[in-house]
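Asker: I'd like to ask you about the structure that follows.
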Amino acid sequence: MKENLKEKTAKGLFWGGLSNGVQQLLNLVFGIFLARLLSQSDYGMVGMLTVFSALAGSLQEGGFISALIRKKDATQRDFNAVFWTNVSVGFLLYVVLFFSAPLIARFYGIPELVPLARFIFIGLFISSLGIVPGAIMYKNMMVKELAVCSFVTQIISGILAVFLAWRGFAYWGIAIQTVVYVSLAQLMRYYFTRWRPTLKFDFSPVREMIGFSSKLIVTNMFNVINANIFPILLGKLYTPREVGNYTQANKWNNMGSTLVGSMVGAIAQPVFAKTDGDTVRQKRVFRKLLRFTAFVSFPAMLGLALVAKEFIVILLTEKWIESARMMQVLCIAGAFAPISALFSNLIITRGHSTTYMWCSIAQCLLQLGAAVLAAPYGITRMIEVYVVINISWLFVWHFFARQEIGLDIMEVLKDLFPYVTLSTVLVIAAGVLTMSITNLYASFAGKVAFVALGYCISLWLLKSVIFREAVEFGLKRLKTKDEK
């Protein structure tokens with residue numbers, strides 16, 4: 001069983017990494033075309049609605065995905081009850097948001113948001129149809145199938161968005177892309193799971209899960225608010241153009257941190273659930289995942305911050321240069337985001353949704369208050385305060401992790417320190433060595449090559465276990481593929 005779990009975890013990380021790598025590459029390609037065809041205001045219009053879609057999404061999901069993953073003996077009866085609950089909530093939420101669209105438009109002072117909001121919110125109801133198949137895929141660690149889903153939906157919706165932007169649909173192109181993406185994703189989930197709902201309406205399993213999942217609903221809502229503080233404040237205090245600049249910067253930051261976070265997140269809860277009841281083993285698994293997350297996250301995100309200016313100007317043109325500075329600061333927080341997610345997954349798996357809820361609420365309220373106080377000093381200052389709070393909150397997550405699995409702070413620092421230090425030193429050195437290079441392309445290539453090669457060579461010389469295992473697993477996968 002131990003080897004089984006280790007192999008499943010390794011395969012999950014491999015397919016999760018491959019899936020997210022391909023997905024982010026497609027996001028990059030389509031994002032470049034869209035950024036060149038659309039304006040800051042176009043992105044700002046959609047960005048203002050993101051918080052409402054995300055809040056409604058957290059309400060309709062209801063924390064049932066985590067509840068189903070935790071439930072070791074989940075049956076068709078459980079899945080069917082959750083399905084009809086999600087569909088009912090999704091429909092009611094869409095009705096509420098449909099009639100709330102004029103109020104949202106009035107809040108921002110932009111009448112054009114009414115039809116745009118009503119269209120984008122359709123995706124909420126559609127997504128409610130695929131929550132249960134999605135939970136089944138995560139529960140069974142069907143990471144390979146999830147990778148195929150992401151690839152197909154990304155290709156089709158991305159091509160459609162570029163075509164619509166080229167034809168002058170402006171922000172409507174992004175809105176249509178969103179709804180098409182959600183629709184295709186749900187269809188493919190049903191295709192891979194072969195699960196189908198029945199017309200038997202028995203909601204008693206939901207009542208059994210609601211104690212756990214209700215706390216996740218509240219938590220997810222506050223997490224959404226925390227993640228969307230700036231679009232809300234900027235949309236109210238500034239223009240769609242400034243919201244668009246922030247949205248663009250945050251988009252590329254999220255792409256980087258999601259590449260790591262989703263790769264680990266796809267297997268974290270199932271793996272922790274399988275080791276539940278064996279604290280020593282669970283702690284060992286957690287620390288290994290922590291080292292792997294740090295091994296990938298810090299060089300990737302700090303490296304992205306290093307080349308932010310070149311990245312923006314080369315790929316998106318000079319018109320987006322204002323977003324480069326925002327992106328640099330956000331990427332620092334992005335380096336720590338997957339680590340925070342790993343801690344929170346542990347807390348959830350241990351059954352402490354109440355702890356997770358109050359911890360997230362406290363962080364959200366602190367972030368909101370800090371953002372409001374920093375608003376008079378400009379957007380950059382707001383983002384800097386946000387980053388400091390996010391990184392500092394790791395100590396709060398560690399406090400609860402220590403109570404659960406006896407994880408000492410020195411163990412955490414020991415796991416993180418080599419990767420943080422090496423990545424930081426290499427990024428600073430690359431910045432200094434390329435200061436005299438004026439050509440953007442040469443500067444970009446030089447920085448990327450120096451950090452990537454320096455990181456790999458250093459870890460090889462230092463005999464990093466995580467690095468050697470990653471290389472060996474990759475070579476093993478290639479050898480297996482060749483034999484086939």
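The values are calculated or read from the model by the stated rules, or taken from the named source; none is laboratory data. The structure displayed is predicted, hence computed values, not measured ones. Neighbour counts run over all protein chains shown; Cβ positions are idealised from the backbone, glycine included. What goes into the accessible areas is simple: the full protein's heavy atoms, side chains included, and nothing from ligands, DNA or RNA. Shrake-Rupley method; radii C 1.70, N 1.55, O 1.52, S 1.80 Å.
Asker: Working only within segment 172-185, note down all residues that are buried (at least 22 other Cβ atoms within 10 Å of the Cβ) and over 19 Å from the mean Cα position of the chain (by Cα).
Answerer: G173, A175 - these are the residues of segment 172-185 that are buried (at least 22 other Cβ atoms within 10 Å of the Cβ) and over 19 Å from the mean Cα position of the chain (by Cα).
Asker: For residues in segment 115-169 being within 22 Å of the chain's Cα centre (by Cα) and aromatic (F, W, Y), which is most open to solvent (accessible area, probe 1.4 Å)?
Answerer: F151
Asker: How many residues are open to solvent by less than 40 Å² (accessible area, probe 1.4 Å) and either of a type in the set (A, V, I, L, M, F, W, C) or modelled with pLDDT of 80 or more (or both) when one looks only at segment 18-54?
Answerer: Number of matching residues: 13.
Asker: Scan segment 257-278 for residues that are modelled with pLDDT of 70 or more, surrounded by fewer than 20 Cβ atoms within 10 Å (Cβ to Cβ) and part of a helix (DSSP H, G or I) and report the count.
Answerer: Result for segment 257-278: 1.
Asker: Now, a different point. With respect to E310, is the statement that it is open to solvent by less than 30 Å² (accessible area, probe 1.4 Å), under 30 Å from N439 (Cα atoms) and of a type in the set (D, E) true?
Answerer: Yes: the conditions hold for E310.
Asker: Given F417, F400, which one is out of contact with any Asp or Glu (no Cβ under 8 Å at 6 or more places or on another chain) and exposed (fewer than 13 other Cβ atoms within 10 Å of the Cβ)?
Answerer: Every option except F417 fails the conditions.
Asker: Another question, then. Is it the case, given these coordinates, that A362 is assigned to a helix (DSSP H, G or I), of a type in the set (G, A, S), without any contact (Cβ under 8 Å) to a residue 60 or more places away in the chain and under 23 Å from T247 (Cβ atoms)?
Answerer: no
Asker: Sticking with this structure for a sec: Within the set of pairs 6+ apart or on separate chains, which have a first residue in segment 95-114 that is within 17 Å of Y171 (Cα to Cα) and without any contact (Cβ under 8 Å) to a residue 24 or more places away in the chain, a second that is open to solvent by 50 Å² or more (accessible area, probe 1.4 Å) and in a helix (DSSP H, G or I), and C-beta atoms under 7 Å apart?
Answerer: These pairs meet every condition: A101/R118.
Asker: Further question: When residues of segment 439-465 are filtered for being over 14 Å from E310 (Cα atoms), crowded, with 17+ Cβ neighbours inside 10 Å and not β-branched (V, I, T), how many remain?
Answerer: 5
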